[in-house]
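The values are calculated or read from the model by the stated rules, or taken from the named source; none is laboratory data. What you see is a predicted model; the values in this text were computed from it and never measured. Please note: Cβ atoms are built from the backbone with ideal geometry, for glycine as well, and neighbour counts cover all protein chains shown.
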Amino acid sequence: MIDFRSDTVTRPSDAMRKAMAQAEVGDDVLGEDPTIIALQEKAAEITDKEAALFTPSGTFANQLALFTWVPKGGEVYLNEVSHIIQHEAGASAHISGAFLRPFVPKSSNWAQWSDISTRIRPEPDQHFPVPSLVCLENALSDGTVQPVHSMAEIKAGAESAGLPVHLDGARLFNAAASLGVDASEIAGEVDSVMFCLSKGLGAPVGSLLCGPKDFIEKAFYRRKIMGGGMRQAGILAAAGLVALEEELPRLGEDHQMARELAKAFSALDTFEVLTPEPDINMVFLKLSSPGTQAEDGFLTFLEEAGILTYPAEGGVFRFVTHRDISIDQLRHTLNVLPQIAEQLAG
C-alpha cells in the first residue's frame, strides 16, 4: 500500500537499524547514557539552545514544556487549531493544569502579535488566570509555514508582556527547508522549542525539547513525574542521530512530491485543493461534492487502488508525502487519480 496517512508511518533506514543495534547505552535517568547525551547535545547545537532533553513523543515534549513553564492554573495563549489544543487529548488539563486561552488569527493562517495581545488579561486581577506562556507552531498543523520576521514580532511582544514563548516545532526542519533558513533561525525567536524525530525524519521514536539550561533542568525533573525516565534509551537516540544526519538534506524531495500531488488534484474538478502550492509535505483538500457517502467512497476507491489516507476531518482530507513513498508510487497515484475522480462522479 502507498501510505499517505502521515510521515509518522515511515520505517527506520538500514543505517538507523545498524546504529540502534550497536548503540552504546547507560542509565539515562542517572544521566549516564552516552548516546542520549550525544543526541541532546546535537539537538541543542542545531537549535542554538543551551540544552536539550529527549522525550518519547511530540505530545510529551509539548506538555512537558507547559508543565515546566506554567504554574497550575496559569494561562497559555495559542492558536485555536494548534496541535496542543486539537490533538493532544486535553493533556494540559491532566498534567500541568494550565488554562488554555485560544486565539483565531485574523489576517493569515499564522498568528500576529495583535491576535495574541488582545487575549492577554490587561492587569492582574483576582478574577483572572495569571498570564504565563505563548505557544506557536511552525510548521503549522495546516501545513503552512510562518515567516521568521512574523515570529520575531511575536517574540518582541511577548517579551514586553513578560511572557516566554514555546514553539511546537514537530516539523521544524520542514519549515526551515521551506523558508530556506537554518532551524536555529526559527528557534531563535522562541524560548523553548520541541521537534520530532519521527515526523519527516524517519526515526522510529522520540522528540527533543530544547531551551535554556535552567529550564531543561526543571524539565528533567518533571519528565520523571510524567513517566519519561526511559533508562537505556540510547538505542532509540541512535536512530535520531542518524536521522539528523541523513534526512535533513532530502526534506525538499518530500515537499516537491507534495507539490506534484497538489497539482494533480487541482487539475480535477472533483477536488477542491486547499493547499495548491504546499509549503511542506502536506496536501489538504475537500471533495467538490462533500458528504459522508462521498467521503467514504473516496477512501474505498483509494484503497482499491492501493492508496491509504486518513478519513476526512471536518470534510478535509490530508495527504502527507515522506521518505517511504517512492517516485514510482507517486506516479501510480498521479495516474489513478483521474479514474478515482470518474468513479466519484459516477
Q | Selection from segment 193-209 of residues that are part of a loop (DSSP other than H, G, I, E, B) and either surrounded by 22 or more Cβ atoms within 10 Å (Cβ to Cβ) or without any contact (Cβ under 8 Å) to a residue 24 or more places away in the chain (or both) | A | 197, 198, 199, 200, 201, 202, 203, 206
Q: Kindly provide the set of residues from segment 1-57 that are within 21 Å of residue 249 (Cβ to Cβ), in contact with a strand residue (DSSP E or B) (Cβ under 6 Å, 6 or more places away or on another chain) and among the polar types (S, T, N, Q), ordered by number.
A: 47
Q.
Every residue in segment 173-182 that is in contact (Cβ under 8 Å) with a residue 40 or more places away in the chain and crowded, with 24+ Cβ neighbours inside 10 Å, please.
A. 173, 174, 175, 177
Q: Find the helices (runs of 4 or more DSSP H) located wholly in segment 95-192 whose residues include 3 or more that are polar (S, T, N, Q) and more than 16 Å from the chain's Cα centre (by Cα), and list them.
A: none
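Looking only at segment 313-346, filter to residues that are small (Gly, Ala, Ser) and free of Cβ contacts under 8 Å to residues at least 24 places away in the same chain; which one of those is farthest from residue 3 (Cα to Cα)?
Among them, the one singled out is 346.
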Q: Report, ordered by the first and then the second residue, all pairs with beta carbons closer than 7 Å, sequence separation of six or more or different chains, a first member in segment 58-74 that is under 14 Å from residue 221 (Cα atoms), and a second member that is assigned to a helix (DSSP H, G or I) and of a type in the set (Ser, Thr, Tyr).
A: 63/92; 66/92
Q: Could you list all residues from segment 248-292 that are farther than 22 Å from residue 147 by Cα and modelled with pLDDT under 95?
A: 288, 289, 290, 291, 292
Q | Every residue from segment 110-147 that is polar (S, T, N, Q), touching a helix residue (DSSP H, G or I) at 6+ places or on another chain (Cβ under 9 Å) and surrounded by fewer than 20 Cβ atoms within 10 Å (Cβ to Cβ) | A | 112, 114, 117
Q: Please find, among 60, 67, the residue that is surrounded by 20 or more Cβ atoms within 10 Å (Cβ to Cβ), more than 21 Å from residue 238 (Cα to Cα) and not assigned by TED's automatic domain parsing to the domain that holds residue 323.
A: 67
**Q.** Any hit, segment 203-215, residues being hydroxyl-bearing (Ser, Thr, Tyr), out of contact with any His (no Cβ under 7 Å at 6 or more places or on another chain) and over 14 Å from residue 43 (Cα atoms)
**A.** no
Q: Give the number of residues within segment 26-57 that are in contact with a Pro (Cβ under 8 Å, 6 or more places away or on another chain) and either crowded, with 24+ Cβ neighbours inside 10 Å or β-branched (Val, Ile, Thr) (or both).
A: 1
Q) Exactly one of (1) farther than 15 Å from residue 200 by Cβ; (2) under 18 Å from the mean Cα position of the chain (by Cα) is unmet by residue 250. Its number? A) (1)
Q) For segment 190-198, does any single residue satisfy the condition of being in contact with a Pro (Cβ under 6 Å, 6 or more places away or on another chain) and acidic (Asp, Glu)? A) yes
Q. Looking at 158, 152, 176, 203, which one is touching a strand residue (DSSP E or B) at 6+ places or on another chain (Cβ under 8 Å) and within 22 Å of residue 49 (Cβ to Cβ)?
A. 158
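Restricting to segment 84-94, name every residue that is assigned to a loop (DSSP other than H, G, I, E, B) and in contact (Cβ under 8 Å) with a residue 24 or more places away in the chain.
87, 88, 89
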Q.
On the basis of being of a type in the set (D, E, K, R), in a loop (DSSP other than H, G, I, E, B) and in contact with a helix residue (DSSP H, G or I) (Cβ under 7 Å, 6 or more places away or on another chain), does residue 72 make the cut?
A. no
Q: Kindly indicate whether residue 67 is more than 24 Å from residue 204 (Cβ to Cβ), at pLDDT 95 or above and among the aromatic types (Phe, Trp, Tyr).
A: yes
Q) Using beta carbons and a limit of 7 Å, which pairs, at least six apart or on different chains, have the first residue in segment 107-135 and in contact (Cβ under 8 Å) with a residue 24 or more places away in the chain and closer than 16 Å to residue 73 by Cβ and the second one among the hydroxyl-bearing types (Ser, Thr, Tyr) and part of a strand (DSSP E or B)? A) 120/77
